[in-house]
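Everything below concerns the one structure shown next.
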Amino acid sequence: MAKSTTEQLKCIRDEIIGLEESPLYSYRTENGYYPVIGQGSHEAEIMCVGEAPGETEAKKGIPFCGAAGRVLDELLSEVGLSREDIYITNLLKDRPPSNRDPRPEEIELYAPFLDRQMYVLRPRVILALGRFSAEYLMKRYGNPDKVTGITKMHGQEYAAAADDFSFTLIPLFHPAAALYDSSKRETLIEDMKHAAQVAKG
Ligand code: URA
């Protein structure tokens, strides 16, 4: 019998938990961190894809539960949504030391888990939070020639295609950007409003 959505997501979770070949695995276990798999509705039309867990997230195993997460919650509430309405995950599922940028080999190792989460949940709209997830998703799902900087791509709609479903990809600035640049908060709110309209169809 075909596996349910929850069963498929559990398989992905278990593989990530046991991902000893990851260069971030020993950092996880030595610090008592958790991998951060994803959270939210299995019926979500909107999936948010961040970069990688920070320290707060790795301590709790929950995506976007620190300072950047509070910004994300505010953005969602601006458009009448909450985390229960969407699904939130990251490109990397383990915290890189000192929150450094993801390395290409880490993206290569972890991105297939994101791909599988997408194929299970089949969201209509994916919000790429920040340049790393935006670049990955643009390149992987049909828009490699349209990759520019996040300053140009944010708020734009890109028609994206997986093997057996399609979705609209909308890159956004990373919510953490609003923590040190208040003009980014306004831009993020505008882009989130636009994304919510697209999701309503
Ligand atoms: N930043 C991210 O990209 N993801 C998180 O889960 C938290 C902070």
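The values are calculated or read from the model by the stated rules, or taken from the named source; none is laboratory data. Note that the structure is a prediction, hence the values are computed from the model and not measured. Note that each Cβ is placed from the backbone with ideal geometry, even for glycine, and that neighbours are counted across all protein chains shown. Note: accessible area is taken over every heavy atom of the protein model, side chains too, but ligands, DNA and RNA are not part of it. Shrake-Rupley method; radii C 1.70, N 1.55, O 1.52, S 1.80 Å.
Quick notes
- With contributions of -39500 (n - 2.57) from each DSSP H run of at least four residues, the per-residue ellipticity at 222 nm computed over the chain stands at -13500 deg cm²/dmol.
- For region 22-114, the set of trypsin sites (Lys or Arg not before Pro) satisfying both a DSSP loop assignment and a count of at most 15 other C-beta atoms within 10 Å is given as ARG100.
- Rg/Rh ratio calculated on Cα atoms of region 67-112 (Kirkwood radius): 1.09
- Legend: translational diffusion of the chain by Stokes-Einstein, Rh = Kirkwood radius over C-alpha pairs, 20 °C, 1.002 mPa s; D = 127 µm²/s.
- When the pairs LYS59/LYS146; LYS59/LYS193; LYS10/LYS139; LYS10/LYS60; LYS152/LYS200; LYS10/LYS146 are compared against a 29 Å limit on Cα-Cα distance, LYS59/LYS146; LYS59/LYS193; LYS10/LYS146 fall above it.
- Averaged per residue, region 5-200 has 46 square angstrom of accessible surface, using a 1.4 angstrom probe with ligands and nucleic acids left out.
- Solvent-accessible area, 1.4 Å probe, carbon plus sulfur percent, for the chain: 47 percent
- Sorted largest first, the principal axis extents computed over the alpha-carbon atoms of region 127-201 equal 39, 26, 15 Å.
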